[in-house]
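Undergrad: What follows is a single structure, and I will ask about it in a moment.
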Amino acid sequence: MSPTLTQLVAAASAGLSRNPDVAAAAPGRVNLIGEHIDYCDGFVMPFALDRYIVIAAVRNGSDIANVSSAGLADASISLHQPQEIREPKWANYLRGVIDGFQKIGYEIPGFDAHIASSVPGGAGLSSSAALECATATLLEGLLGVTLPKKQKALLCQHAEHAFAGVPCGIMDQFASTFGEENRLVMIDCQSGEPTLVPFENPALSVIIANTRVHHELSDGAYALRRQHTEQGLALLQKASWRDVCMADVESAWDQLGDPVNRRARHVVSEIARTRAAAEALAVDDFTALGELMYASHVSLRDDFEVSCRELDLMVDIASDIGPQGGVFGARMTGGGFGGSTVTLCETYRAGDIMEIMRTRYGQQTNIVPEIFCSRPSRGAHLIEFDLVSPNQSAR
Ligand code: GLA
């Protein structure tokens, strides 16, 4: 069982020398559909997971942030000088967010902080965005300010670009910031506006299957995909992918060349699939939604080439269970090159489906996957301390 939010707050608080002055929580995310198109002006449909990173902090009267987390090297961050990329690497997400606050003109008071997490790392579920958004929310709490949510999400995206070297889109930080219970965060990435879409049918469940295979996004593969889409758009002589239709891609196929033509086909078809998915969801047509998810996976596998053997296997297992076994659809989710799949299924069969996925995947890979259900949950927020009993929050 994954720890509850209250348990995480207690675990983060227990790493401090006294009761926290401030604690902040931010969730990971899963994306139902709309993959690798947030940096192409597309639409994406993630939701905030009920898996959180919690940071608890006490002011220490100095100009240093001392940050710790079980199993990781402690980090010491000087707050009164410009931030730089340094060791330990994981703390660069915090440095990037601190840098964003410093650039707006805030003077951050020194603090000791401890981090607890239930977001699986390296699983394509945005543990890095959760860390950035939890940090930003913690700083808001320490400074007694509240940034507009969009500004906060963009500041966190900047941290990822400049301090982690991943030229990501806006999906993860928006989902972690804007998420709400029972709502998808549908984002129009051209306008940069999120819309909260109801997702509360109790008959429908979302299974997340972490393959436990992981390739770093910062190894250049993600950046290369983004470059391909930029090259494609330039060759098509369009200002935005929203102005490109499939006929444009087909007529420029040879000129675009391989692999840019296939990347372009993915972008245009995935934008159309995500629009269709929103329509299917609005009328509770889960069969249509599921078919769109399978088609998205095929496109990511063959045209965008960001899947891998283990992700394909997990999707195949879900699709073999099929509608007769309660599965509507499945696909890889997140950046790819490993990580997780997302499966849409009937709630009353979710337990059996997860068991089959676990067993068959284990038999064929000798890897024990991490499989769980999740529902749309609350985005980044400060913790109200009266929710945690004194016994839990003190060491
Ligand atoms: C990563 C990035 C996101 C998005 C996805 C793919 O999670 O951080 O911005 O591009 O990959 O959809």
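Undergrad: With respect to VAL119, is the statement that it is modelled with pLDDT under 95, β-branched (Val, Ile, Thr), within 16 Å of the ligand (Cβ to nearest atom) and under 16 Å from the mean Cα position of the chain (by Cα) true?
TA: no
Undergrad: Let me ask something additional. Just one of ASP38, ASP50 is open to solvent by 10 Å² or more (accessible area, probe 1.4 Å), within 11 Å of the ligand (Cβ to nearest atom) and under 21 Å from VAL197 (Cβ atoms); which is it?
TA: ASP38
Undergrad: Which of the residues belonging to region 65-75 are open to solvent by less than 50 Å² (accessible area, probe 1.4 Å) and of a type outside the set (Ser, Thr, Tyr)?
TA: ALA65, VAL67, ALA75, listed by residue number.
Undergrad: For a quick check of your reading of the model, give me the residue pairs whose first member lies in region 110-135 and is of a type in the set (D, E, K, R) and open to solvent by less than 10 Å² (accessible area, probe 1.4 Å), whose second is within 13 Å of the ligand (Cβ to nearest atom) and not in a loop (DSSP other than H, G, I, E, B), with beta-carbon atoms closer than 6 Å and at least 6 apart or on different chains.
TA: Close Cβ pairs satisfying both conditions: GLU132/TYR93; GLU132/CYS156; GLU132/ALA159.
Undergrad: Pairs needed: first member in region 10-24, among the polar types (S, T, N, Q); second member anywhere, crowded, with 21+ Cβ neighbours inside 10 Å and assigned to a helix (DSSP H, G or I); C-beta distance under 8 Å; at least 6 residues apart or different chains.
TA: Qualifying pairs under 8 Å: SER13/SER393; ASN19/SER13; ASN19/SER393.
Undergrad: Then there is this: Of the conditions (1) at pLDDT 95 or above; (2) touching an Asp or Glu at 6+ places or on another chain (Cβ under 9 Å); (3) open to solvent by 20 Å² or more (accessible area, probe 1.4 Å); (4) within 16 Å of the ligand (Cβ to nearest atom), PHE328 clears all except one; give me its number.
TA: Of (1) at pLDDT 95 or above; (2) touching an Asp or Glu at 6+ places or on another chain (Cβ under 9 Å); (3) open to solvent by 20 Å² or more (accessible area, probe 1.4 Å); (4) within 16 Å of the ligand (Cβ to nearest atom), only one is false for PHE328: (4).
Undergrad: Give just the number: which of (1) closer than 18 Å to ALA65 by Cα; (2) within 16 Å of the ligand (Cβ to nearest atom) does ALA14 not satisfy?
TA: In the conditions (1) closer than 18 Å to ALA65 by Cα; (2) within 16 Å of the ligand (Cβ to nearest atom), ALA14 misses (2) alone.
Undergrad: Mind checking whether some residue in region 339-346 is open to solvent by 10 Å² or more (accessible area, probe 1.4 Å) and not polar (S, T, N, Q)?
TA: Looking through region 339-346, at least one residue is open to solvent by 10 Å² or more (accessible area, probe 1.4 Å) and not polar (S, T, N, Q).
Undergrad: Moving to a separate point now. Going by the structure shown, is GLN190 of a type outside the set (A, V, I, L, M), open to solvent by 50 Å² or more (accessible area, probe 1.4 Å) and within 16 Å of the ligand (Cβ to nearest atom)?
TA: So GLN190 passes the test.
Undergrad: Of the residues that make up region 363-370, is at least one touching a Gly at 6+ places or on another chain (Cβ under 9 Å), assigned to a strand (DSSP E or B) and closer than 25 Å to SER176 by Cα?
TA: Looking for residues that are touching a Gly at 6+ places or on another chain (Cβ under 9 Å), assigned to a strand (DSSP E or B) and closer than 25 Å to SER176 by Cα, one finds none in region 363-370, hence no.
Undergrad: Residues of region 253-268 being of a type in the set (Gly, Ala, Ser) and either in contact with a Gly (Cβ under 8 Å, 6 or more places away or on another chain) or surrounded by 19 or more Cβ atoms within 10 Å (Cβ to Cβ) (or both), which ones?
TA: The one that is of a type in the set (Gly, Ala, Ser) and either in contact with a Gly (Cβ under 8 Å, 6 or more places away or on another chain) or surrounded by 19 or more Cβ atoms within 10 Å (Cβ to Cβ) (or both): ALA264.
Undergrad: While we're here: Taking region 153-182 as the region of interest, how many residues are within 9 Å of the ligand (Cβ to nearest atom), of a type in the set (A, V, I, L, M, F, W, C) and open to solvent by 20 Å² or more (accessible area, probe 1.4 Å)?
TA: Adding up the residues that qualify gives 1.
Undergrad: Follow-up question, since we're still on this one. In region 250-275, which residues are free of Cβ contacts under 8 Å to residues at least 40 places away in the same chain and under 17 Å from LEU300 (Cα atoms)?
TA: The answer is ASP258, VAL260, ASN261, ALA264, ARG265, VAL268, SER269, ALA272.
Undergrad: Could we say that VAL145 is β-branched (Val, Ile, Thr), over 18 Å from GLY34 (Cβ atoms) and within 13 Å of the ligand (Cβ to nearest atom) here?
TA: So VAL145 does not fit the description; no.
The values are calculated or read from the model by the stated rules, or taken from the named source; none is laboratory data. In this text, all values refer to a predicted model and were calculated from it rather than measured experimentally. When we count neighbours, we look across all protein chains shown, and the Cβ atoms used for this are built from the backbone with ideal geometry, even at glycine. Remember, those area values only see protein heavy atoms, side chains included, never the ligands or the DNA or RNA. Shrake-Rupley method; radii C 1.70, N 1.55, O 1.52, S 1.80 Å.
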